[in-house]
Amino acid sequence: MDDKEIYAKLKVIIEPYLDDEVDMESLTLDSHLINELNINSAHVIDIVLDIENEFDIEIDDDSIMKMETIQNVLNIIKEKSTEQLS
């Protein structure tokens, strides 16, 4: 799965957790989950669970702590997907 496919799926996962004031069109790879997208920490956990289900991966606590931007999340998904294949 390439970055574009992962990003498209990630956007679908994140959208329900976005604040009403945040426009999906403003979402970029540099968007910060908490500071820019106003996603609270409880919803970050929900997003992690959704990602784990969608991509059939397991995200450890250390990786969750690194999930600050969309790019970070994308990188973690790729890393965990690669680890699982090994």
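FYI, it's all coordinate maths here, none of it is from the lab. Bear in mind the structure is a predicted one, so any value in this text is a computation, not a measurement. Counting neighbours? That spans all protein chains shown, and the Cβs are built from the backbone with ideal geometry, glycine included.
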Quiz prompt | Rounded tilt (10° steps) of 70-85 against the dominant C-alpha axis of the chain | solution = 20 degrees
Self-check item: Relative contact order computed over the stretch 3-85 (Cα-Cα under 8 Å; 6+ residues apart), in percent
Solution: 33 percent
Quiz item: Which whole-angstrom value gives the distance between the alpha carbon centres of the stretch 35-64 and the stretch 1-20?
Solution: 12 Å
Exercise. Using the Karplus curve 6.51 cos²θ - 1.76 cosθ + 1.60 with θ = phi - 60°, work out ³J(HN,Hα) for each residue of the stretch 6-16 in order, rounded to whole Hz, and write x for Gly and Pro.
Key: 4, 4, 4, 5, 5, 4, 5, 5, 6, 3, x
Quiz item: Which cross-chain or sequence-distant (5 or more) residues have an amide H under 5 Å from the amide H of His32, H modelled 1.01 Å from N in plane?
Solution: Leu37
Self-check item: Residue-span extension gain [Leu29 to Tyr7] - 0.36 nm each, minus C-alpha spacing
Solution: 7.1 nm
Quiz item: Which one is right for this structure if Cα Rg over 2.2 N^0.38 Å is calculated from it: (1) 1.50; (2) 1.17; (3) 1.01?
Solution: (3)
Self-check item: Charge dipole (debye, nearest 20) of the chain; +1 at Cβ of Lys and Arg, -1 at Cβ of Asp and Glu
Solution: 200 debye
Quiz prompt | Integer Hz, Karplus 6.51/-1.76/1.60 couplings in order for the stretch 24-41, x for Gly and Pro | solution = 4, 5, 7, 5, 10, 5, 8, 4, 8, 4, 8, 6, 9, 8, 6, 8, 7, 4
Practice problem: Arrange the peptides 19-32, 45-58 so that the one whose residues have, on average, the most other Cβ atoms within 10 Å appears first. | Solution: 45-58, 19-32
Self-check item: Dipole of the chain [Lys/Arg +1, Asp/Glu -1 at C-beta], most positive-end residue of Asn75, Leu27, Ile14
Solution: Asn75
